[in-house]
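The values are calculated or read from the model by the stated rules, or taken from the named source; none is laboratory data. Here the structure is a predicted model, which is why all the values come from computation and not from measurement. Note that we place each Cβ from the backbone using ideal geometry, even for glycine, and neighbour counts take in every protein chain shown.
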Amino acid sequence: MDIIDTIYIDGAFVTPHGTEQFDLHNPATGAVIGRVRLADAVDARAAIAAAKRAFPAFSQTTKEQRIAWLHRLHEMVQARAADLTEAAIEEYGAPLSRSAWMADYAADGFLDAARTLEDYDFTRRIGAAKVTMEPLGVVGIITPWNANAGFICGKLAMVIASGSTCVIKPSEMSGIQTRIVIEALHAAGLPAGVFNIVNGRGDVVGAEFSAHRDIAKVSFTGSTAIGRAILRAGAETMKRVTLELGGKSPMLILDDADFAQAVPFALMAGYMNSGQACIAGTRILVPESRLAEFETAIAAAVAGVKSGDPRDPDTAIGPMVSEKQWQRVQSYIRLGQEEGATLLAGGEGLPMGETGGWFVRPTIFTGVSNAMRIAREEIFGPVLSIIPYADDEEAIAIANDTDYGLAAYVAGADPDRARAVADRLVAGNVTINAAPREPLAPFGGFRQSGIGRENGVFGLEAFLEPKVVTG
């Protein structure tokens, strides 16, 4: 049993003022594997005060100093990659290959920030004016459970690159992963107070970050509903915000697509991170003329997708993070059938051979209308919907008929045609034919998928404010 009874404030591990205990579970078994003592509003204010004290000196550090710290942070987090991989499997249920990627992704965030900073000029001339990009101040960071270490490290890296300081509230469901990250960050030896990390509930610690007058900006990744609450609370003190929220991303299969490539692409995009991904391509748009052919191909392919023990190298889909999330996914599978969609694969209940844990059968609905709730609401599990379309114009219209706009995917044989379709999609990130990720490109969404962008220069400038001096 892991007992986590400290938080990190002003460069030290301290006992929280808060006394609430929160159980951690292994989602593959449902067993309690740890307990976290949660911080309260008093702890949140102490963390904010520490970051505020550290800001004047840290904001004056040189670009070279920050680059050196970023490289040191990368080294320390990379040194704990094996521990992070194990924690992601046990505490989150990430499959073996995914958990190893998550550990490397967390460490690499610091290198990406260092690369961005090397080429960035904080001062420029615009006519007769000198424009200086100034660090904002104290940043409040709130991260989710579906890539805990990566979100902490990625956001922190850009805060450090900017010269700001921060307070971080990770998901209370990720206590073991958070402890490992804190130990690694502490070993890097940054000045006390530059970053402070407090486990706690969103409606307690997160709410304090969102309302506190000494927080200049909130950077949040999570649900659209919580994003709205942060926006409302932050308006009282005119906080800057970056919100990376939900999605209901389309996967457009063009009529010239090679299904031998398009089907694996669709399954990868839809089932990534066990379906617990804001960018998952959960609406698969298929030309009516090839619908039956596509249904046959994807039904055969999904039969080989294993949902089960995350330690099994053959597992592609691990358990849902909690019983609550499992129940949510099950309710949407029932809802899809009630709405009149046809189950092509999967369905309710546990996968064959599983008798416990929060596992979900990889599910695909066909005969789906874009008006159905399973096509409009974010399920956050391995449940995909096939929606037929007549021609490219209708496909683009269906793809854009959503409250969201985070990601989109296009599969097609003609690159020029695929790019032309991609250019008309309302989404912050469009991937054609499984192209590799570019870590320095801006990431974020349109509409209710968020405000602002992360990564690269766009992510750095999200923590800076321009100051103009003339004369």
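Being within 23 Å of Ser307 (Cβ to Cβ), among the small types (Gly, Ala, Ser) and surrounded by fewer than 22 Cβ atoms within 10 Å (Cβ to Cβ) holds for only one residue in Gly381, Gly356, and it is Gly356. Restricting attention to region 237-249, and to residues there that are among the hydrophobic types (A, V, I, L, M, F, W, C) and outside any loop (DSSP other than H, G, I, E, B), which single residue is surrounded by the most Cβ atoms within 10 Å (Cβ to Cβ)? Result: Leu243.
Just so you know, in region 211-234 the residues that are over 18 Å from the mean Cα position of the chain (by Cα) and under 17 Å from Ala462 (Cα atoms) include one that is surrounded by the fewest Cβ atoms within 10 Å (Cβ to Cβ), and it is Leu231.
Counting only helices (runs of 4 or more DSSP H) that sit wholly inside region 1-109, those with at least 1 residues that are in contact (Cβ under 8 Å) with a residue 40 or more places away in the chain, of a type in the set (Phe, Trp, Tyr) and farther than 28 Å from Ala277 by Cα are 41-58, 63-79. Residues that are buried (at least 19 other Cβ atoms within 10 Å of the Cβ) and small (Gly, Ala, Ser) were ranked within region 301-348; the one that is nearest to Ser274 (Cα to Cα) is Gly318.
The residues listed here are Ser249, Ser289, Ser223, Ser307; of these, the one that is hydroxyl-bearing (Ser, Thr, Tyr) and either more than 24 Å from Ala371 (Cα to Cα) or touching a helix residue (DSSP H, G or I) at 6+ places or on another chain (Cβ under 7 Å) (or both) is Ser307. Picking from residues in region 423-454 that are among the polar types (S, T, N, Q) and within 17 Å of Glu244 (Cα to Cα), the one that is surrounded by the most Cβ atoms within 10 Å (Cβ to Cβ) is Ser449.
The numbered conditions (1) closer than 27 Å to Arg417 by Cα; (2) part of a loop (DSSP other than H, G, I, E, B) are all true for Val360 except (1). If I filter region 318-326 for residues that are out of contact with any Gly (no Cβ under 9 Å at 6 or more places or on another chain) and either of a type outside the set (Lys, Arg) or within 30 Å of Gly150 (Cα to Cα) (or both), do I get at least one hit? Yes.
Taking region 406-420 as the search range and keeping residues that are of a type outside the set (Lys, Arg) and within 26 Å of the chain's Cα centre (by Cα), which one is farthest from Ala441 (Cα to Cα)? Top of the filtered list is Ala411.
Of all residues in region 250-298, count the ones that are of a type in the set (Ser, Thr, Tyr), under 30 Å from Ala88 (Cα atoms) and in a helix (DSSP H, G or I).
Looking only at that region, the number is 2.
Annotation: of all residues in region 299-355 being of a type in the set (Val, Ile, Thr) and part of a loop (DSSP other than H, G, I, E, B), the one that is nearest to Leu384 (Cα to Cα) is Val305.
Kindly indicate whether Phe259 is under 22 Å from the mean Cα position of the chain (by Cα), closer than 28 Å to Val329 by Cβ and of a type in the set (Phe, Trp, Tyr).
No; evaluated as a whole, the condition is false for this residue.
With respect to the conditions (1) touching a strand residue (DSSP E or B) at 6+ places or on another chain (Cβ under 7 Å); (2) modelled with pLDDT under 95, Met352 falls short on a single one, namely (1).
From the list Ser331, Ser385, Ser322, the lone residue that is within 26 Å of the chain's Cα centre (by Cα), in contact (Cβ under 8 Å) with a residue 12 or more places away in the chain and more than 24 Å from Leu252 (Cα to Cα) is Ser322. For beta carbons closer than 6 Å, sequence separation of 6+ or different chains, a first residue in region 430-453 that is within 17 Å of Ala269 (Cβ to Cβ) and a second that is polar (S, T, N, Q), the qualifying pairs are Phe443/Asn455.
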